């Protein structure tokens, strides 16, 4: 499997998922940069994503929804804080209603993505920082760790097929 570790640190209110890919960093970056590729892995296998808006520049936004097998949808948004392609991406990440408005009843997190070129490919780390211990507990209880790991497990297949 692509994911090599999932580390949860209650003291620092972080969850870090590390994955290893047999592809150069510039190619791994494309799975973030290209909305059609992002759709193929951002949601867990049972909740594939549809990207509605994708502006991966500082100050830009990404909006999306994930559709479950029963047709239910979960909406989300990012506000892009920093981009250093193909090495680093930072965004504020939250839940939304069907119109794309932030859901005030759900926590907002900071997500940092770093890509590290290595001799045998690329190591990707995604670190999520939660606003409170309660928020971290709530999202972990909802399965965020398993969902992210399952979603990231879909990335390898993008490197074996030609993506236009």
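Every read-out reported here was derived from the displayed coordinates using simple, explicitly stated rules and does not represent laboratory data. Nothing here was measured: the structure is a model prediction, and the numbers come from that model.
Go ahead and estimate [θ] at 222 nm for the chain from helices alone: -39,500 (n - 2.57) per DSSP H run with n ≥ 4, summed, over the residue count, rounded to 500.
On the way: 5 runs with 37 residues, N = 164.
One gets -6000 deg cm²/dmol as the mean residue ellipticity at 222 nm.
Based on alpha-carbon positions alone, could you give the equivalent ellipsoid semi-axes of segment 73-154 from the gyration tensor, as √(5λ), descending, whole Å? Before the final figure, lay out the partial values.
Values: eigenvalues 121, 47, 31 Å².
Each semi-axis is √(5λ); the values are 25, 15, 12 Å.
Of the labelled options [x] 43, 36, 32; [y] 49, 40, 24; [z] 49, 48, 31, which one gives Cα extents along the principal axes in Å as computed for this structure?
Recomputing Cα extents along the principal axes in Å here gives the entry labelled [x].
For segment 34-91 and segment 117-164, write down the distance between their C-alpha centroids in whole Å.
12 Å
Given Cα pairs under 8 Å that are at least 6 residues apart, what percent is the relative contact order of the chain? Walk me through the intermediate numbers first.
Details: 349 pairs, mean separation 43.0, N = 164.
Relative contact order here is 26 percent.
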